[in-house]
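The values are calculated or read from the model by the stated rules, or taken from the named source; none is laboratory data. Computed from a predicted structure; not experimentally measured. Quick reminder, even Gly has a Cβ in these numbers, built from the backbone with ideal geometry, and neighbours come from all protein chains shown. Note: areas computed on protein heavy atoms with side chains; ligands, DNA, RNA excluded. Shrake-Rupley method; radii C 1.70, N 1.55, O 1.52, S 1.80 Å.
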Amino acid sequence: MPTIIDVAREAGVSFKTVSRVFNGEDTVRPVTREKVREAARRIGYSVNPAARALRSKASRKIGLLLNNPSLSYSETVQIGALLAMQSEGYQLVMLDGLTAFHAEEGLAGLIACPPLANDPDILKALSESHLPFVRVGAERVSQIGDKVGIDDRAAAREMTDYLIKLGHRRIGFIEGAAIYDVSRRRLAGFNDAIHRSSGAVQSITASGDFSYASGLRAAEDLLSKDNRPTAIFAANDEMASACLAAAYKMNLRVPDELSVVGFDDSPVSRAVYPAITTVRQGVRDLLSASVDILSGRMSGDTRPAHDIIHAHEVIVRDSAGPPSE
């Protein structure tokens, strides 16, 4: 029997739009409503009243599994998830780890964000629960669950290329915690660009863990070297903002004497001075897509796991420029 998923595919619209049409909501344009109904007639779809009654009584709680050291990133994720879920009538439940997940009853679905999205114990528990779930920013070694994210490696490579094109030949990189797959992907992208320079660019790395404090320590270490870098690429905006503080402490003008770039386009990148050049990964768009996928799964979508790659963008602001003479 055809499903709501088939209707959406036939009509060329989202699951949400089809659901709104058959639920009688007035937020759908008449032309789109007729398009959906015509698609349903073509493939022989009809609403199952019993199934609708069951769904109306089903749980509307979606868990957000989030425990990230970057406060700015976490804030953006929470706001994005809240907006996406509210628009669909879902209730957001915050979960900070495996214990909270096991203690929460009545979840209809779950969204897991890094680093928990890649935690082996979390993934094992999710698989055994048979609960629909989506992993945001997940590594792609494991095939478990639906995945939504960007190509972190390509994005980091593009940002490093940008610094090289500005003329920088000594570039520092502050890594995220090595246990996170996203850290490895961003470091790999940085190294890709360095290697393509065929020895023309010197790289210097320092360890961080995505927190402001770790970024401050790493930046002070890099800037204390005799042959300090003329640019620092931090693996997230939280650490990049710490680089600005370290530069100020050492009387280095940004971007005149030091360029600083980050990753994520989180709120802190726009709140500091100078505003940070960064990689925008569209966190809110990723969360919206995740809710769409969960909605489809809860409506009967049984297709193979999604692995959706969203576009990224290098956002040029005031924190980077050519190196001084």
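Numbers below:
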item	result
Percent RCO, i.e. relative contact order, over the chain, from Cα pairs under 8 Å lying at least 6 residues apart	18
Distance between modelled label sites at Leu82 and Asp285, nm, 7 Å Cα→Cβ extension	2.3
Lysines with Cα under 28 Å of Lys249, excluding same-chain neighbours fewer than 8 positions away	Lys165, Lys225
Relative contact order (%) - criterion: Cα under 8 Å, at least six apart; region: the stretch 216-325	29
Calculated FRET value between Ala200 and Ile179, using beta carbons and R₀ = 35 Å, to 0.05	0.60
Reciprocal of mean inverse Cα separation for the stretch 112-263 (Kirkwood radius, Å)	16.2
Residues whose placed amide H lies under 5 Å from that of Met94, excluding near-sequence neighbours	Leu64
Of every Cα-Cα pair in the stretch 88-187, the percent that sits beyond 16 Å	63
Computed FRET value (nearest 0.05) for Met250 with Ser14, which takes r as the C-beta separation and R₀ as 45 Å	0.30
Share, in percent, of DSSP beta bridges within the chain that are antiparallel, nearest 5	10
Segment Asp226-Ser129, extension gain: residue separation times 0.36 nm, minus the distance between their alpha carbons	29.5 nm
Long-range HN-HN contacts of Phe173 with modeled amide H, under 5 Å	Ile204, Thr205, Ala206, Phe233
Extension reserve of the Asn67-Ser324 stretch, reckoned as 0.36 nm per residue once the Cα distance is removed	88.5 nm
Eligible lysines near Lys147 by straight Cα distance, threshold 24 Å, same-chain separation 8 or greater	Lys16, Lys61, Lys124
For the chain, convex hull of alpha carbons as volume per residue, Å³	145
Solvent-accessible area, 1.4 Å probe, carbon plus sulfur percent, for the chain	51
Rough spin-label spacing in nm, given labels placed 7 Å along Cα→Cβ, for Arg29 and Glu313	2.3
Probe 1.4 Å, accessible area per residue of the chain, Å²	46
Cα centre as origin, Lys/Arg/Asp/Glu Cβ charges: the stretch 174-325 dipole, Debye	80
